[in-house]
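The values are calculated or read from the model by the stated rules, or taken from the named source; none is laboratory data. Computed from a prediction, not measured in an experiment: that's the story for all the values here. Cβ placement follows ideal geometry from the backbone for every residue including glycine, while neighbour counts extend to all protein chains displayed.
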């Protein structure tokens, strides 16, 4: 049985367009993969602390002692062991909400999600072969003149390389706050993309 880890960073909860798109994808995924297990981490409920000095000091002490089985490293162990990963996060301030950055800092643990070989090269240690970012954007940031401003998907794609996850996928509905656009049609198009992507993810 494969495990899909769903990281929910949709701060607006039930009102979130990103979460609606993610739930639709997961429903379609479960139809195509009835034997798989989907595990959700709801970052709003977890309230992970940022890496304040005292948090970082505790982390460093545990890591230096080789105590990677401690609860502090549970998110990293889970992430490293998942077969597939889906992250749902809205496009905020050209990237994503701060709670996702806090989570990413928690899972970026040497000797759990990545490490180094004898030559000093970074080596990914995660089991997953695919990671999907699901997001929605008010504006359009896939145009040649605006794509350079987008830093959320690009950051996650770079982290995938560090973690050893070879396939990064993006499912995005954008232009949703542009009054000239048909929002319902844009979301429907993204839902259709989710249905097409789910069976082979």
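Across segment 17-43, what is the number of residues that are assigned to a helix (DSSP H, G or I) and closer than 12 Å to residue 88 by Cα? Full working, then the answer.
Step one: of segment 17-43, the residues assigned to a helix (DSSP H, G or I) are 17-32, 43.
From what's left, closer than 12 Å to residue 88 by Cα: 17-26, 43.
Final tally of qualifying residues: 11.
Those residues that are in a helix (DSSP H, G or I) and either out of contact with any helix residue (DSSP H, G or I) (no Cβ under 7 Å at 6 or more places or on another chain) or loosely packed, with under 15 Cβ neighbours inside 10 Å (or both), I need them from segment 157-178; list them, please.
157, 158, 160, 161, 162, 163 - these are the residues of segment 157-178 that are in a helix (DSSP H, G or I) and either out of contact with any helix residue (DSSP H, G or I) (no Cβ under 7 Å at 6 or more places or on another chain) or loosely packed, with under 15 Cβ neighbours inside 10 Å (or both).
Each row is one residue, and each column tells you yes or no for (1) touching a residue at least 24 places away in the same chain (Cβ under 8 Å); (2) out of contact with any strand residue (DSSP E or B) (no Cβ under 7 Å at 6 or more places or on another chain); (3) more than 26 Å from residue 4 (Cα to Cα).
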site	(1), (2), (3)
89	yes, no, no
106	yes, yes, no
109	yes, yes, no
114	yes, no, no
120	no, yes, yes
138	yes, yes, yes
148	no, yes, yes
178	yes, yes, yes
188	no, yes, no
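Answer yes or no as to whether residue 12 is modelled with pLDDT of 95 or more, within 24 Å of residue 108 (Cα to Cα) and loosely packed, with under 13 Cβ neighbours inside 10 Å.
In short, no.
Considering segment 1-26 alone, what residues qualify as being closer than 20 Å to residue 198 by Cα and without any contact (Cβ under 8 Å) to a residue 60 or more places away in the chain?
1, 23
Can you confirm whether segment 108-131 contains a residue that is within 10 Å of the chain's Cα centre (by Cα), surrounded by 14 or more Cβ atoms within 10 Å (Cβ to Cβ) and either modelled with pLDDT under 95 or over 20 Å from residue 46 (Cα atoms) (or both)? Show your work before the answer.
Here is the first cut: in segment 108-131, the ones within 10 Å of the chain's Cα centre (by Cα) are 131.
Adding the requirement that they be surrounded by 14 or more Cβ atoms within 10 Å (Cβ to Cβ) leaves 131.
Next, from what is left, pick out any that are either modelled with pLDDT under 95 or over 20 Å from residue 46 (Cα atoms) (or both): 131.
Yes, segment 108-131 contains at least one residue that is within 10 Å of the chain's Cα centre (by Cα), surrounded by 14 or more Cβ atoms within 10 Å (Cβ to Cβ) and either modelled with pLDDT under 95 or over 20 Å from residue 46 (Cα atoms) (or both).
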